[in-house]
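To start, I am sharing the structure in question, which I have written as structure tokens.
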Amino acid sequence: MLDPLEVLKSLVRDAAVAALGPEYADVDPQVRRGQHADAQADLALGLAKRVRKAPRAVAESLVAALPPNDLVERVEIAGPGFINVTFASSWLVKAATERLRDPRLGVARANTPERITIDYSAPNVAKEMHVGHLRSTVLGDALARLLEFRGHTVIRQNHVGDWGTPFGMLIEHLLDRQGQPSAGDYEVSDLTAFYKEARRKFDDDPAFAERSRRRVVALQAGDAETLERWRTLVDISKRYFETIYAALDITLQDRDVAGESMYNDRLVPLVAELQERGYAREDNGALCVFPAGFTNKDKEPLPLIVRKSDGGFGYATTDLAAIRYRLFDVEATRLLYVVGAPQTQHFSMVFTAARELGWLKPPARAEHVAFGSVLGADRRMLRTREGDSVRLVDLISEAVARAEAVLETKAPDLDAETRTKVARMVGVGSLKYADLSNDRVKDYVFDVNRMVSFDGNTCGYLQYAHARIRSVFRKLDAGVELGPVELPATADAAERTLVLNLLGLGAAVDAVETTLEPHRLTSYLYELATSFTSFYEKCPILSSEGTVRASRLALAELTARTLHLGLGLLGISVPDRM
Ligand code: ARG
């Protein structure tokens with residue numbers, strides 16, 4: 001373990017056991033970076049009541065019980081009982097120097113690698129992907145990359161909406177259009193228009209509606225011709241989703257599609273089993289399950305409808321089949337669902353049902369990775385002027401175009417070809433970063449100009465810090481010596497802060513793994529880049545000499561690598577020059 005804060009945490013925990021007793025083994029040491037020293041531990045204040053001693057006395061007994069170690073150089077108790085810790089520079093420089101040889105930059109491999117399913121993106125066939133899908137896609141992909149890097153086996157599940165009643169009208173509409181010019185080769189950008197046309201005919205033309213209903217029956221019965229038309233629609237959509245994934249640099253592939261249709265054959269036996277076990281019962285003609293603890297405003301139990309009164313199966317039935325598949329066929333122990341907050345109740349009900357059925361039990365657990373909405377400048381759901389939901393493709397091209405404009409002023413030396421390439425990395429990166437750096441469960445305001453600026457907690461700021469370091473190295477001869485890192489007593493505070501920050505990547509990644517909140521990693525990277533900026537201002541690199549220069553070059557190199565890896569884990573690429 002090379003993160004001083006992590007080492008300090010375990011020292012403090014050991015001290016708590018030694019000073020207060022074994023029942024304190026899992027106390028939270030409340031260790032964080034300090035204002036007055038390198039770190040501080042605040043646990044004494046919270047423990048006072050339990051221990052029945054004044055917080056300062058608790059702090060004193062903890063400090064006295066710290067096991068011997070070579071990390072902690074000085075400890076002071078401040079105010080009511082904060083424990084301020086100064087680390088030994090010798091420890092820090094050794095850790096930083098060792099990091100130069102660690103390709104994982106302090107990110108440990110998981111002790112118990114798991115099989116983790118991540119349900120994300122999940123757009124709907126024949127519908128445009130919108131900003132809600134953007135969040136799911138970007139968050140899910142970042143989590144997938146990060147968990148994979150930790151050594152878990154990630155099984156991506158793109159739960160595409162590719163089944164159900166809308167396909168009746170869509171297929172009928174496709175057939176109606178077939179005689180006409182341009183039939184067959186719909187782009188999905190028109191598929192939205194296509195969907196709307198079908199919908200309008202369905203609402204206005206009873207004969208069309210009737211045909212559509214018959215078509216749904218044929219689809220569910222597996223009629224060959226109907227299935228072939230359905231396939232056509234699904235394939236057009238899938239090709240379109242793939243272009244978006246490519247534009248956004250998303251790792252989802254065709255083999256990750258596990259759409260609603262995949263569960264079709266499982267629904268009849270599933271529902272039969274629920275009935276046999278007495279878990280499902282009729283309610284107003286529909287077959288329902290009633291997971292415990294869910295009631296409507298009149299305190300009546302809330303149902304998950306597993307078979308509608310017309311005999312059809314819906315979203316909930318499919319999700320019950322899906323959770324079962326993920327537990328028993330995929331054999332996952334951690335099931336993540338990256339879906340918007342409005343579906344919170346749906347997933348709690350599905351998870352509760354899976355527990356009541358005895359499917360979902362420890363060590364397996366399911367988590368709804370909920371996220372807030374993307375808002376427009378007016379703080380309402382982001383919409384176009386016409387009131388339609390904003391298309392993802394338009395957002396991507398806008399972000400890239402704005403990034404290109406910013407680069408024209410900020411990086412005028414780039415040749416046109418490089419600028420276009422870099423603009424894509426900055427534009428797409430910014431779009432992702434804005435999404436990831438906001439607290440996942442909160443709504444956020446979509447502001448392209450802020451997103452692509454290079455100031456503040458933005459993607460461009462981090463990418464720029466990385467490019468600047470790379471440009472320092474371009475000025476040097478090949479084979480330049482890096483390190484060892486040193487921190488003499490005369491070192492600037494900025495240099496020490498940078499070293500401390502460099503050692504924190506592992507903890508930031510761990511925090512994301514536990515909380516599934518990528519903003520913990522972006523905040524870390526932002527802090528790292530800020531501390532590099534102060535270091536760069538205060539501690540000249542190229543004009544310094546000898547071991548000082550070698551050490552500073554090592555710190556710059558480690559910063560660049562950390563930004564590169566950290567952003568990479570979030571699915572964001574970093575250019576070498578900009
Ligand atoms: N297709 C759905 C939508 O667009 C999201 C599906 C999420 N995953 C799931 N297993 N229900 O809202």
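No value in this document is a laboratory result; all are computed from the given coordinates. Predicted, not measured: the structure shown is a model, and the values here were computed from it. Glycine also receives a Cβ, built like all others from the backbone with ideal geometry; neighbour counts cover every protein chain displayed.
As an exercise, identify the trypsin sites (Lys or Arg not before Pro) in region 344-391 lying in DSSP coil whose Cβ has no more than 16 other Cβ atoms within 10 Å.
Answer in residue order: Arg379, Arg380, Arg385.
For region 314-346 and region 422-452, what is the centre-to-centre distance using only Cα atoms, to the nearest Å?
28 Å
For Lys308 and Glu225 in the same chain, what is the full-extension length gain: residue separation times 0.36 nm, less their Cα-Cα distance, in nm?
Gain on stretching Lys308 to Glu225: 27.3 nm.
Could you work out how much longer the chain between Glu276 and Arg577 gets when fully extended? Use 0.36 nm per residue separation minus the Cα distance between them, nm to one decimal.
Going from the current span to full extension adds 101.9 nm.
Each residue of region 132-137 in order: what ³J(HN,Hα) in whole Hz does its phi give by Karplus 6.51 cos²θ - 1.76 cosθ + 1.60, θ = phi - 60°, with x for Gly and Pro?
The phi angles translate into x, 5, 4, 4, 4, 5 Hz.
Over the alpha-carbon set of region 166-249, work out the extent along each principal axis and list the three values in angstrom, largest first.
Ordered largest first, region 166-249 gives principal extents of 43, 27, 22 Å.
Could I ask something else about it? Modelling each spin label as a point 7 Å along the Cα-to-Cβ direction, I'd like the Val472/Arg200 distance in nm, to one decimal.
Placing both labels 7 Å along Cα→Cβ, they lie 6.1 nm apart.
Put a dot 7 Å past each Cα toward the Cβ at Asp443 and Ala110; how far apart are the dots in nm?
So the two model labels end up 3.4 nm from each other.
Counting alpha carbon pairs within less than 8 Å and at least 6 residues apart, what relative contact order, in whole percent, applies to region 405-484?
Once divided by the residue count of region 405-484, the mean separation gives 24 percent.
Right, something else. Mind checking the angle between helix 188-204 and the chain's longest principal axis? C-alpha axes, 0 to 90 degrees, to the nearest 10.
Helix 188-204 and the main axis of the chain meet at about 40 degrees.
Just to check, using Stokes-Einstein with a Kirkwood Rh over alpha carbon pairs, what's the diffusion coefficient of the chain at 10 °C and 1.306 mPa s in µm²/s?
In µm²/s, the coefficient rounds to 59.
Measure out, as a whole number of angstrom, how far apart the alpha-carbon centroids of region 66-81 and region 362-400 sit.
Value for the Cα centre distance between the two parts: 47 Å.
Between Glu367 and Arg74, what is 0.36 nm times their sequence separation minus the Cα-Cα distance? Round to one decimal in nm.
Between Glu367 and Arg74, full extension yields 101.3 nm more.
What pairs in Lys9/Lys538; Lys361/Lys442; Lys9/Lys49 have C-alpha atoms more than 26 Å from each other?
Lys9/Lys538; Lys361/Lys442
Can you pull a Stokes-Einstein diffusion coefficient for region 1-144 at 20 °C (1.002 mPa s), Rh from Kirkwood over Cα pairs, as a whole number of µm²/s?
The calculation lands on 118 µm²/s.
Please determine, in degrees from 0 to 90 and to the nearest 10, the orientation of helix 459-474 with respect to the longest principal axis defined by the Cα atoms of the chain, where the helix direction is its Cα long axis.
The answer is roughly 50 degrees.
Where a ≥ b ≥ c are the square roots of the eigenvalues of the C-alpha gyration tensor, would you call region 4-87 rounded, which needs a/c under 1.5, or, failing that, prolate if a/b is larger than b/c, or oblate?
Judged from the Cα gyration tensor, region 4-87 comes out oblate (a/c at least 1.5, b/c at or above a/b).
Using only Cα atoms, figure out Rg for region 386-578 and give it as a multiple of 2.2 N^0.38 Å.
On the way: Rg = 17.8 Å, N = 193, 2.2 N^0.38 = 16.3 Å.
Region 386-578 yields a ratio of 1.09.
Another question, then. Translational D (Stokes-Einstein, µm²/s) of region 513-578 at 25 °C and 0.890 mPa s when Rh comes from the Kirkwood sum over C-alpha pairs?
Stokes-Einstein gives a translational diffusion coefficient of 185 µm²/s.
Counting only C-alpha contacts under 8 Å and six or more residues apart, can you give the relative contact order of the chain as a whole percent?
15 percent
Report, ordered by chain and residue number, the aspartates and glutamates lying within cross-link reach of Lys410, taken as a straight Cα distance under 13 Å and ignoring same-chain residues fewer than 8 apart.
Qualifying aspartates and glutamates at Cα under 13 Å: Asp455.
Longest exposed-loop-site-free stretch of the chain, with GluC sites (Glu not before Pro), DSSP loop and at most 14 other Cβ within 10 Å?
Here the longest segment lacking exposed loop sites spans 1-186.
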